[in-house]
Structure formats: C-alpha cells, structure tokens
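Following: one structure in structure tokens, then a few remarks.
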Amino acid sequence: MPLPLLWLGAAAASAYAIKALADDRENQQQQRNRSYKPQSLSESSDNSSSVAIYPSELFKTKQWAKPAVGSILCCGIGGILDHTGIWVGDNTIVELDGNGLIKPISANRFTQERSGQYIFVACDSKAQPLASELAAQRAINQLYTYRDYHLIENNCHQFIWSCFEPQDTTLTTFKELNRRLALKFDRKVYWDRGDIPEVS
C-alpha cells in the first residue's frame, strides 16, 4: 500500500510548508513592530524582495489599515491571482474590469465576483498606505473609458501603475507592480487587511 504512505508524506510536507510560511510571516511582523520609523527599502538589509508581507486569506495580518485616497487595494482571484484597484474615497474603488471598462465600484462589489473575501491595502511597515492623490485623480479622469484589456499585457496592474507613472514602461504581473511601488515609495510593501466597514 505505497499510495496511502505517499499521501501521508505529501500531507506532512504541506503542513511543514504552511508552518514555515506562518513563521516567516510572524518574523516579518516582529521586525515591523521593532522599528520606530517606516522601513526604507534602500536601507533594508534584506533587499531580496520588495514585499515584506503578501496579501493572504490563509494568514491574517495583525495590522489593519484605513485606505487613503490614492491607495492601492487588492483582493484574491481563485487563490492564485490578485486583482488591484485604486481607492478614491467615499467607499469607492476604481478598477479596470475584465471587459476593459474602467469603472467605480463599492468595496463589497470589489470582492463580490472574486474568490477573496478580504481587501488588502499596500502599506509601509507602520501600516501607512502607499498612496497618491494624483494617481486617484488620474483614475477618476479615466472613468467609463475602455482599454484593450488583456489578462497579461494590459491588465488591472498595468492600469494601476499607469495612474502612478503614466509615461513608464508597461508591466504585467502583481510582483512587478509591487517592485515598482517599493522603488517609488522607497518602502518594503506590506499588504495589510483593509479597515473598510462595508467588508470588515
């Protein structure tokens, strides 16, 4: 009966991997709490990643963050992808929909047709949102216009970045969006659970 033993081994390996991820997240949280000022990316001893804490439905964050106008928000899609939008205030998020329409939606609608039930806010180590009012205004200025949506080449992450840096080169992944945000703000990115009453 080698098959049940294989399953047991796979289950043990999965449990070990989840424990390691939880421990790593806890270590990041402790480092974050020890610092009296926001952690600068350029001063960080670990420059290997621009993201200190990724959004996760599995591992809850200890910090909660209220989005500021121009904050980048995200929620999960199918457990493997992330969808991003820009908070423009008054319980409104501007997003690029899969049909190419740039539209305003409520926080509840942002998660409604996606698998993730939580909204996360891109923050620094002190739970201050990485935000730009100018980016929010650029998003608002594009409401009800269409883009030639493509899952890889012209997606929600590209829309978000174009609101921050309209003349910059395109990007395709959530990872690259995080890298550019970290460089722009000179901060490691912490994805904290959004303190948004409608979805809390």
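Quick notes on this one:
- The label-point distance for Arg109 and Asp90, in a model that sets each label 7 Å from Cα toward Cβ, rounds to 1.3 nm.
- HN-Hα J in Hz across region 137-147 - Karplus 6.51, -1.76, 1.60, θ = phi - 60°, x for Gly and Pro: 5, 5, 5, 4, 5, 9, 4, 6, 9, 10, 10
- Length available on full extension from Glu198 to Gln117: 0.36 nm per residue minus the Cα-Cα distance, which gives 28.0 nm.
- Under Karplus coefficients 6.51, -1.76 and 1.60, residue-wise ³J(HN,Hα) of region 117-132 in Hz, glycine/proline x: 9, 10, 10, 10, 10, 6, 10, 8, 5, 9, 6, 8, x, 7, 9, 8
- In this structure, the amide hydrogen of Ser71, modeled 1.01 Å from its nitrogen in the peptide plane, lies closer than 5 angstrom to those of Trp87, Ser132, counting only residues at least 5 positions away or on a different chain.
- Over all pairs of different C-alpha atoms in region 111-173, the reciprocal of the mean inverse distance, the Kirkwood hydrodynamic radius, equals 13.5 Å.
- For region 35-194, the equivalent ellipsoid derived from the Cα gyration tensor has semi-axes of 23, 17, 15 Å, listed largest first.
- Note on region 35-194: with charges restricted to the Cβ of Lys and Arg (+1) and Asp and Glu (-1), its dipole about the Cα centre is near 420 debye.
- Of the GluC sites (Glu not before Pro) in region 122-200, the ones in a loop by DSSP (not H, G, I, E or B) with at most 12 other beta carbons within 10 Å are Glu153.
- Put a dot 7 Å past the Cα of Thr170, heading toward its Cβ, do the same for Asp186, and the two dots end up 3.2 nm apart.
- Greater than 21 Å apart at Cα, pairs in Lys103/Lys184; Lys103/Lys175; Lys62/Lys126; Lys62/Lys103; Lys103/Lys188: Lys103/Lys184; Lys103/Lys175; Lys62/Lys103; Lys103/Lys188
No lab work stands behind these numbers, since they all come straight from the coordinates. As the structure is a computational prediction, the values presented were derived from the model and not from experiment. Ideal geometry is used to build each Cβ from the backbone, glycine not excepted, and the neighbour counts take in all protein chains shown.
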